[in-house]
Protein chains: 2
Amino acid sequence: MKCEPMPADFQFRLLATDGAARCGEIATPHGTIATPAFMPVGTQATVKGVLPEAVRATGADIILGNTYHLMLRPGPERIAALGGLHRFMQWPHPILTDSGGFQVMSLSGLRQVEERGVTFRSHLDGALFELTPERAVEIQLLLGSDIAMQLDECVKLPAPPAELERAMRLSLRWAERSKRAFASAPSGRALFGIVQGGDDPALRLTSAAALIAMDFQGYAIGGLAVGEAPEVMLKTIEVVAPALPADRPRYLMGVGTPTDLIEAVARGVDMFDCVMPTRNGRHGLAFTRRGPVALKNARHAEDPRPLDEESSCLAARDYSRAYLHHLVKAGEMLGAILLTLVNLSYYQELMAGARAAIASGRFVEFRRETMASWEAGDIPPR
Amino acid sequence: MKCEPMPADFQFRLLATDGAARCGEIATPHGTIATPAFMPVGTQATVKGVLPEAVRATGADIILGNTYHLMLRPGPERIAALGGLHRFMQWPHPILTDSGGFQVMSLSGLRQVEERGVTFRSHLDGALFELTPERAVEIQLLLGSDIAMQLDECVKLPAPPAELERAMRLSLRWAERSKRAFASAPSGRALFGIVQGGDDPALRLTSAAALIAMDFQGYAIGGLAVGEAPEVMLKTIEVVAPALPADRPRYLMGVGTPTDLIEAVARGVDMFDCVMPTRNGRHGLAFTRRGPVALKNARHAEDPRPLDEESSCLAARDYSRAYLHHLVKAGEMLGAILLTLVNLSYYQELMAGARAAIASGRFVEFRRETMASWEAGDIPPR
């Protein structure tokens, strides 16, 4: 997995494949990302509850910032005046920003999608905003992210085929406009296109082909983990991933559980983001190599053992289950903090394991052993 | 301020005096405490929002644990079975525990004070508890704190003299019972008596003399910061401190603002605890060498400057006021975390400054300069 220093410009290098699984490296102006990569979500210019150096210490190479939230508060112009998002939040490593489209659909009120863009009311104060493909790019350039995303329309599943096709075609037209707007971007930054088309393989392939013809620096699979069954998600990845160029990174947006990640890596996905490790950590659920562990459960109340005595994460290794249980029951911030660290570390450990396995041609075994360990479950109560 | 290694048993050594101000060292089984010392409050076995190593990094030698909260949840027997409070919360340094008396008065429902002790209902679930002097000591021995406090009755001011005297005399009888109960404590641990008597100098002196006759290892001044004017607090300290033996530490309970601390140090106090730095940090208020700064204020919204460019605390030095403002406005945990770190660091910096000044005989100048800096106020908006 060693390699020469890479240039500051955006560049993806495939280092190894193992079946459909891939490992590689993405160079960006703010550093290199080992793939498959999991990106912790830093919605409001912070990964909730964790200092940036602690996020880095979990092994994260890159985090995700949310255009929707940042455009409402504190505003992209203000962040730009303060030196950009990296400096604002003291995260000097790579950042990917989404386009805001997904959150407009899921969080805002009174939204109206038109050819020109989407108008919506802020979930904070009801103020009216407009997000066009051009404005979404402009915001992301103001934020200064290393990887920007095109504006797209994401449709909840299940949805009628005509609705899926309409949104997919609109997203393609927005992709073209996003790309034109991004032409003025400073050197080194990248824009990704987003494959849409819901659970319809033909629509997905049409979307992928059209985006590839536009030549993006990376391709995302959007519109998944929006209500469909897990099999539908995996089947869609199986359709889309092989249709994407091997020399560009592939990013599955908003996914997912540890199982989702491993299954998607097995199908050729390189990048992920999800609030699961952070949100679940705040609610007392730990992800571990023995599967999820609900710390609120009374069986931990007197248990002096750590969550995982072999973890490299101090929060998983040095604190007793009894203490974590106490913190969660007492509603203490430190419970949320420690479990967020546990989960972010575990997600990174999982990705590091996948990368090493792919590099040495034993991803099948890694996947089998990892899943067997989850299925064997947590250590029994004492 | 350098000194030889000290024994593991409790021992106080006065290193220097400057006027009535003192600096010294307290040796305990878990390490040495430089005095004057500020103890961050770790109510529910955690200093809210901060990892123990981060608390330590602010310069804290010792923290305070609350007997009332820990007796209700998770229970002292459970903490003892898990190896004691130090191990439970991963804080290997000194811990002082209060006796629970103050919180019983301020938090619990339906309390009844009798000669035997106090019965009360838990503020969590209404369960009935009894706290006697013997049980308060037993709980603190189970927790394993380095310094334990006698059970006392703390009266809100203003209060009629007869009521102050009744509570003071009851507290003295409880002090005797506490001391007897503490006779079985493992070697090295210390028990402090608590001077009561409200704002009545004669009662205070009676209380102090009686406690000194019982020979405690340290003496606390209780029943202050409970509604009285600041002058009353300082006058009471001026009465009590000189009546206490010079070779024992003096602890002013539950105090206070940075000004309170400096004024109390000037009057011979060695130890403090208070929720002000942590609670205010969670509510967006920073304590700095230029006085308190409310980060919610819109004047910080576009300010790229840190809270204090000369601070040794990264949270005060590396993050812009604009970012802290954003986090506080957005209700992000990281805002609470960073400002808690800022405040704990500033309180420790203040104590370190006082210690150095006393050691070099320039406490008067230190006090004047420190207060002048607070009064000059925060840097003006750009």
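To the nearest ten degrees, helix A:133-143 and the longest principal axis of the Cα atoms of chain A are 50 degrees apart. Where only DSSP H runs of four or more residues are counted, chain B gives -12000 deg cm²/dmol as its mean residue ellipticity at 222 nm, each run worth -39500 (n - 2.57). Averaged over peptide B:48-57, the number of partner chain Cβ atoms lying within 10 Å of each residue's Cβ comes to 3.
Counting only protein heavy atoms and a 1.4 Å probe, tell me what percentage of segment A:172-236's accessible area is made up of carbon and sulfur. That share works out to 57 percent. Interface area, chains B and A: about 3100 Å² of buried accessible surface, summed, with a 1.4 Å probe and ligands, DNA and RNA left out. A simple spin-label model places the labels of A:Arg111 and A:Arg13 3.9 nm from each other, with each point 7 Å out along Cα-to-Cβ. Summarising the amide proton neighbourhood of B:Gly49: residues at separation of 5 or more, or on other chains, whose placed amide H is nearer than 5 Å comprise A:Met333, A:Leu334.
In this simple spin-label model, placing a label point 7 Å from the Cα along the Cα-to-Cβ direction at both A:Ser360 and A:Asp247 gives a separation of 3.1 nm.
Counting Lys and Arg as +1 and Asp and Glu as -1 over every other residue whose Cβ lies under 14 Å from the Cβ of B:Trp374, the net charge comes to -3. Centre-to-centre separation between the Cα atoms of segment A:275-318 and those of segment B:158-228: 44 Å. Normalising the average separation of contacting C-alpha pairs (under 8 angstrom, six or more residues apart) by the number of residues puts the relative contact order of chain A at 17 percent.
Among B:256-266, B:344-354, the peptide with the highest mean count of other Cβ atoms within 10 Å heads the list, and the full ranking is B:344-354, B:256-266. Under the combined filter of DSSP loop state and at most 14 neighbouring Cβ atoms within 10 Å, segment B:133-209 retains these trypsin sites (Lys or Arg not before Pro): B:Lys156. Taking the label point 7 Å along Cα→Cβ, A:Ala81 and its counterparts in the other copies are spaced 5.9 nm apart, in ascending order.
Listed cross-link partners B:Lys235/B:Lys296; A:Lys48/A:Lys296; A:Lys296/B:Lys329; A:Lys48/A:Lys156; A:Lys48/A:Lys329; B:Lys156/B:Lys179 are compared with a 28 Å cut-off, the Cα-Cα value being larger for B:Lys235/B:Lys296; A:Lys296/B:Lys329.
At A:Leu110, label 7 Å along Cα→Cβ: distances to the other copies, nm, ascending? Label-point separations across copies, in nm and ascending: 5.1.
Can you list the trypsin sites (Lys or Arg not before Pro) in segment B:1-86 that are in a DSSP coil and have 13 or fewer other beta carbons within 10 angstrom? Here the trypsin sites (Lys or Arg not before Pro) that fit, given the DSSP loop and packing criteria, are B:Lys2.
Dipole orientation for the protein assembly as shown: of the candidates B:Leu170, A:Thr278, A:Thr32, B:Leu170 has the Cα lying most toward the positive pole (charges on Cβ; Lys, Arg +1; Asp, Glu -1). Averaged over the residues of peptide B:78-89, the number of Cβ atoms from other protein chains lying within 10 Å of each residue's Cβ is 3. Shielding value for B:136-145 is 0, the average number of Cβ atoms from other chains within 10 Å of each residue's Cβ. Label-point spacing at B:Gly31 relative to the other copies reads 2.9 nm, in ascending order, each point sitting 7 Å out from Cα along Cα→Cβ.
When chain B is turned onto chain A, the axis of that turn runs closest to one Cβ of chain B, and that residue with its distance in whole Å is B:Met333, 3. The charge dipole of segment B:213-287, taken about its Cα centre with unit charges on the Cβ of Lys, Arg, Asp and Glu (plus for the first two, minus for the last two), comes to roughly 220 debye. Take the Cα coordinates of segment B:140-256, assign each an equal point scatterer, and use the Debye formula without solvent to give log10 I(q)/I(0) at q = 0.09, 0.14, 0.23 Å⁻¹. After summing over all Cα pairs, the log10 values are -0.22, -0.53, -1.33. Each of A:Gly197, A:Ile379, A:Pro133 was scored by the projection of its Cα onto the charge dipole of chain A, and the greatest displacement toward the positive side belongs to A:Ile379; charges sit on the C-beta of Lys, Arg, Asp and Glu. Computed over chain A, the quotient of the alpha carbon radius of gyration and 2.2 N^0.38 Å is 0.97. For segment B:273-382, pairs of C-alpha atoms spaced more than 23 angstrom apart make up 27 percent of the total. Rounded to the nearest 20, the size of the Cβ-charge dipole of chain A about its Cα centre is 440 debye, with Lys and Arg at +1 and Asp and Glu at -1.
Would you mind checking the tilt of helix B:363-376 against the longest principal axis of the Cα atoms of chain B, expressed as 0 to 90 degrees and rounded to 10? Computed tilt is about 50 degrees. For the protein assembly as shown, a/c is not less than 1.5, where a ≥ b ≥ c are the root eigenvalues of the C-alpha gyration tensor, and a/b tops b/c. That puts it in the prolate class. In a fully extended conformation the segment linking B:Glu176 and B:His123 would gain 16.2 nm over its present Cα-Cα distance, using 0.36 nm per residue. Where in segment A:171-212 does the label zone of A:Glu238 land, with the point 7 angstrom along Cα→C-beta and an amide N cut-off under 17 Å? Correct set: A:199-205. With the highest mean first, a sort of the peptides A:93-100, B:118-125 on other beta-carbon atoms found within 10 angstrom per residue produces A:93-100, B:118-125.
Overall size of segment B:328-382 from C-alpha positions, given as principal axis extents largest first: 46, 25, 12 Å. Between helix A:161-182 and chain A there is an angle of about 80 degrees, using the helix long axis and the longest principal axis of the Cα atoms.
The values are calculated or read from the model by the stated rules, or taken from the named source; none is laboratory data. The structure presented is a predicted model; accordingly, all values stated were derived computationally and were not measured. Every residue, glycine as well, gets a Cβ built from its backbone with ideal geometry; the counts of neighbours run over all protein chains shown. Areas reflect the complete protein model, heavy atoms only, side chains present, ligands, DNA and RNA absent. Shrake-Rupley method; radii C 1.70, N 1.55, O 1.52, S 1.80 Å.
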